[in-house]
Amino acid sequence: MAETEQITVATTSAGPGGTGEPGETVNLPVVELLTGRGFITGKSGSGKSNTASVIAEKLLDNGFGLLIVDIDGEYYGLKEEYEILHVGGDEECDIQVTDDHAGKIASLALEQNVPIILDISSFLDEEEAETLLTEVAKQLFAKAKKQKQPFLMLVEECHEWMPEKGSMGEVGKMLIKIGKRGRKHGLGIVGISQRPADVKKDYITQCDWLVWHRLTWNNDTKVVGRILDNKYADAVEDLDDGEAFMMNDWAEQVSRVQFHRKQTFDAGATPGLDDFERPELKSVSDDLVSELETISEDQQETENRIKELREELDKKNSRIAELEAELQDARDLSRMAEQFTEAMLDQAEDYNPGRTEQEKMRRQRERFADQQASDGDTDAVSEADADGPHEQPPEPDETADATSGGGFGDAFSAFAEDGAAMNGGSASGGADANGSSADAGQESDASSTDAESASDTSSVDAEPTSNGHAANADVVANGAVANNGAVAAPVNGQAETETAEADDEALRAAIAEAVEAEQSDEATGSADSETPADFDGPAVYGDLQADIEELDRKTCRMLAYYREQGPGTPLNAHFSAGGSGDRTAAYARNRELRLRGLVEHVGCGQYDTRLAALVQEESDRRLDDNEVESVVSRLESAFLDGDSD
């Protein structure tokens, strides 16, 4: 149709603000309607929806396409006279649609010129309705750029989508975009609202034509005064139903008009006491519905597939939860087994057969020393113990090193290793330089087999001979051998004629000679003599430092905790070292310290550092307390300042 073609929608009316003779027809240019921007407003019951329906009927009569966004479900009455596609979210519609149908809806409207009512009043979910409207508006705008044909979009209650105050969603932004840029593509828009004060003024001020039905609220009449004039603001309150002030760009004047009544069923009328009779509505082509049904079927298949996949996912998640529970049970059992193993190992550590045997031998030597001290005989050993330096008999593991290092250890090695001499028998290797036997005090009628038997017994109980002298006194006086190779001069075998002073003098000479040898080795730093200084070097400090530096950071910090805080549990040490407090990790790191001998169980589930004891053991117990503390202090840098991981 030509661009000059018009549609008749109203007649002029008399009253304030009116121009021209009453009863004159009011025509609207079709192209300006289809491609322009319009705004229809008025309070509820004033006739604004009737005006929109009259314009829609006139356009449908002439075969023009349009899409009505129905927010209250009051436009389906158009189906009484027109074949119009009614889509929405319930069974009252020709077909139920979602945002997946937006592209097809826009294609039917623009490409096939199918009039459509988009009924979003049937959606219970507002977000779903808003999403559908947003997608349809986007698709219309995109397709209008390609089609370049006049098309009108009517939007009811536009203040909900394009509010004056508050934030505006995607729908409002898209409608504003159509209002500003749709005209050049042939896409027009008409906004309908009962509250003009609540509609975005950016939209109202850009409209080509406006219709003002009766308004009574002060805020709404003020809008009329700002846009039209104050005289219209006063008169708008007295307009009759269907009467309105109309302003448009093509007439450049404000007219007071009375719009025609709509010809189709008024689905938006307020229900009365009369029976409600819904007219017979026209149906649309099955082909149109089938195209949308195909989309619905595809969507249903997709939804069914999604449902199946979700069910499978739920089953797999349930199985994963079961496996995780089983894994946790297994971890709990493993942790219990580790705790049981820890307890058994701790109990096994408390019982040390070698340590127990050493303690037993130490007690035997103490009893022997007490017996010798209480003996009233004035033999050479008793007098030597009284006048000379008194040393505790060395531990079994000390004697082996003591006999090879010189010093006091050499002097007492004759007592520790030569058990036979201590019991009155001949000592192995105890012969003098001339090859004579070291036991000069045995009875003349004692056989050689008795002497050999006494040598093998290694008994610590000293039995006096018939002449009243202890056997070990003869060993010290006649056959004690120092580590430096010197051999003490034997006596002539007549022990009865020797005095206690002579025996004492001989013992002192042997001890003095041993002391000189030890001091000489210490001064010269001989390679065959391990001194405390040696043990402060690579033999003790270096090896232990390297052993500690092999530990990771947290294990070193656990060792530092035991060193600084004293006895504690592995959990406390692990937490202090920056750990999470996990029991398995704490005992795993503590086990590494324990296996290296750096800590030991001290009872009640607590552990303490063994650094001092470890230094003593590595040095064969030849360091005094000050020297041990010095080595330990130097070792602290390995686990206090170390950066090893």
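Listed peptides 31-44, 303-316, 606-619, 7-20 appear in the order 31-44, 606-619, 7-20, 303-316 once ranked by packing, highest mean of other Cβ atoms within 10 Å at the front.
One compactness figure for segment 551-641 is 1.06, namely its Cα radius of gyration divided by 2.2 N^0.38 Å. Averaged over its residues, segment 6-266 has an accessible area of 40 Å² per residue, based on protein heavy atoms and a 1.4 Å probe. The distance between label points at residue 588 and residue 339 comes to 1.8 nm (points 7 Å beyond Cα on the Cα→Cβ vector).
Measure up 145/184; 58/79; 201/262; 143/180; 104/145; 148/282 against 18 Å on the Cα-Cα distance and list the ones that go over. Cα-Cα > 18 Å for 201/262; 148/282; rest within. All distinct Cα pairs of segment 6-266 go into the 1/r average, and the inverse of that average, the Kirkwood radius, is 18.4 Å. Amide H contacts under 5 Å for residue 199: 164, restricted to partners 5 or more places along the chain or on a different chain, H placed in the peptide plane at 1.01 Å from N. Extending 7 Å from Cα along the Cβ direction at residue 309 and again at residue 606 yields two label points whose distance is 6.1 nm. The lysines whose alpha-carbon is closer than 24 Å to the alpha-carbon of residue 315, local same-chain residues fewer than 8 away aside, are 307. Near residue 196: Cβ cut-off under 13 Å, other residues only, Lys/Arg at +1 and Asp/Glu at -1. The net charge is +4.
In terms of packing, defined here as the mean over residues of other Cβ atoms within 10 angstrom, the peptides 578-589, 207-218 line up highest first as 207-218, 578-589. Histogrammed with a bin width of 5 Å, the alpha carbon distances of segment 1-91 distribute as 2, 10, 19, 22, 20, 14, 8, 3, 1, 0 percent, first bin at zero. Close amide H partners of residue 284, meaning residues 5 or more places away or on another chain with modelled amide H under 5 Å apart, do not exist here. Cα convex hull, segment 285-339: 38 Å³ per residue, rounded to a whole number. Put a dot 7 Å past the Cα of residue 546, heading toward its Cβ, do the same for residue 165, and the two dots end up 8.3 nm apart. Extension gain, residue 291 to residue 565, is 90.5 nm, computed as 0.36 nm per intervening residue step minus the present C-alpha separation.
Treating r as the C-beta distance of residue 331 and residue 364 and R0 as 56 Å, the FRET efficiency rounds to 0.65. Within the shell of other residues whose beta carbon sits under 12 angstrom from the beta carbon of residue 313, the net charge comes to +1, with Lys and Arg scored +1 and Asp and Glu -1. Between segment 74-142 and segment 163-236, how many Å separate their Cα centres? Cα centroid to Cα centroid, the span is 24 Å. Accessible surface area normalised per residue over segment 285-339 is 81 Å², counting heavy atoms of protein chains with a 1.4 Å rolling probe. Full extension of the chain between residue 301 and residue 216 gives 25.4 nm of extra length, using 0.36 nm per residue less the Cα-Cα distance. Within the accessible surface of segment 285-339, defined with a 1.4 Å probe on protein heavy atoms only, the carbon and sulfur portion equals 50 percent.
Globularity index of segment 566-615 is 1.07 (Cα radius of gyration / 2.2 N^0.38 Å, N = number of residues). Between residue 27 and residue 11, the contour length at 0.36 nm per residue exceeds the alpha carbon distance by 4.9 nm. Sequence-distant contacts, meaning Cα pairs under 8 Å at least 6 residues apart, place the relative contact order of segment 6-266 at 29 percent.
The values are calculated or read from the model by the stated rules, or taken from the named source; none is laboratory data. Owing to the predicted nature of the structure, the values given are computational and were not obtained by experimental measurement. Because the Cβ atoms are built from the backbone with ideal geometry, glycine has one as well, and the counts that use them run over all protein chains shown. For accessibility, only protein heavy atoms count, side chains too; no ligands or nucleic acids. Shrake-Rupley method; radii C 1.70, N 1.55, O 1.52, S 1.80 Å.
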